[in-house]
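Each reported figure results from applying straightforward, stated rules to the coordinates on display, with no laboratory input. Quick caveat: nothing in here was measured; it's all calculated off a predicted structure. So basically every Cβ, Gly included, is an ideal-geometry build from the backbone, and we count neighbours across all protein chains shown.
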Amino acid sequence: MDMNLLNKITAPNPGVFTGGGTNAYLIGKNDLTLVDPGPANEEHIDNIIKIADGKIKRILVTHTHKDHSPAALPISRILNVPMYGRLVDGDSLWEDETFIPDIVMSDGDTIETSEYSIEAIHTPGHASNHLCFLIPEINCLLTGDHIMDGSTVVIAPPDGDMTKYISSLEKLFNYKIDTFAPGHGSYMHEPEKTIQAIIRHRLTREGKVFRRLEEAGSSDLDQLVKLVYDDVSEMLYPIAKFSLQAHLIKLIEEKKVTLVADKYKTI
């Protein structure tokens, strides 16, 4: 991969959800595209603008969670450049309401420059409006929060959807990808193995949800999270409950589980 075509700038926002921080990317050498500028942190914004040296022509956003898109509007205003992306389909827990795209991107839309091209791939699951961005010249996919290095992606209903997430992972097998440039963590160089491992992990967890529920007879979310996520710290239970609920919604859609009076049970 021609690393000169991609410059990663990590925001100073480390945390449970963000790992070491949110990665912003500058694509290109002279005709720059900024992807996921991150939180509206003044120091971070100044750093991006300084590194880009007046060459940013457009801003792309993978999705509108508050650690990825809030810096887009101030940078857009300072540099007078357009913002590209999508809005969510409904309600979202972590929505950045300041982001309204100048240009709405759909699956398969492309941006052509003299240096490179970018293809938008709609990958709902973590968020209904999530896009990944493929740079075919270097077979690199900017994955946002669809695939992260070093941590599991949280799927939080109602905007997060486990069925769509797994389907969106499988969709990536159709593309020529050598490298993932994730929204959090380091570059990842075994895309196919990574996708397979994520799908296997999710389906293994789903199987555990079904088995523990079957053993319990019936359970609410608070009881079930302790049974299903007994392999993680209790401090992570509030986060795990989001993905647990997403698994349960998927199982209900598949007519394997029912929900009656806040209690889940297998069919």
Extension length gain for Val16 and Tyr187 (0.36 nm per residue less Cα distance), in nm, is 59.6 nm
Whole-Å distance, taken between Cα centres, linking the stretch 236-267 and the stretch 204-228: 8 Å
Given DSSP loops and a limit of at most 11 other Cβ atoms within 10 Å, what is the longest stretch of the chain that contains no such trypsin sites (Lys or Arg not before Pro)? 1-175
Determine the gain in length on full extension of the stretch Glu215-Met235; use 0.36 nm per residue of separation and subtract their C-alpha separation, reporting nm with one decimal. 4.8 nm
Net charge of neighbours whose Cβ lies under 10 Å from the Cβ of Asn13, counting Lys and Arg as +1 and Asp and Glu as -1: 0
Counting only DSSP beta bridges with both partners in the stretch 3-189, the antiparallel fraction in percent, to the nearest 5, comes to 65 percent
Dipole magnitude of the chain, debye to nearest 20 (Cβ charges: Lys/Arg +1, Asp/Glu -1, about Cα centre): 560 debye
Return the inverse of the average 1/r over all pairs of distinct C-alpha atoms in the stretch 2-72, which is the Kirkwood hydrodynamic radius, in Å to one decimal. 12.0 Å
Enumerate the residues in the stretch 4-22 having an amide nitrogen under 18 Å from the point lying 7 Å beyond the Cα of His201 toward its Cβ. 15-22
The rounded separation in angstrom of the Cα centers of the stretch 130-180 and the stretch 53-123 is 16 Å
If you only keep lysine pairs separated by 8 or more in sequence, or across chains, how many in the stretch 198-266 come under 13 Å at the Cα atoms? 4
The chain: radius of gyration and largest Cα-Cα distance (Dmax), Å: 19.2, 62
Starting from the amide H of Thr22, placed 1.01 Å from N in the peptide plane, find each other amide H under 5 Å away whose residue is 5 or more places distant or on another chain. Ala11, Asn13
Quick one: helix 42-52 against the long Cα principal axis of the chain, what's the angle to the nearest 10°, folded into 0 to 90? 50 degrees
Exactly which GluC sites (Glu not before Pro) in the stretch 102-202 are in a DSSP loop and have at most 15 other Cβ atoms within 10 Å? Glu115, Glu137
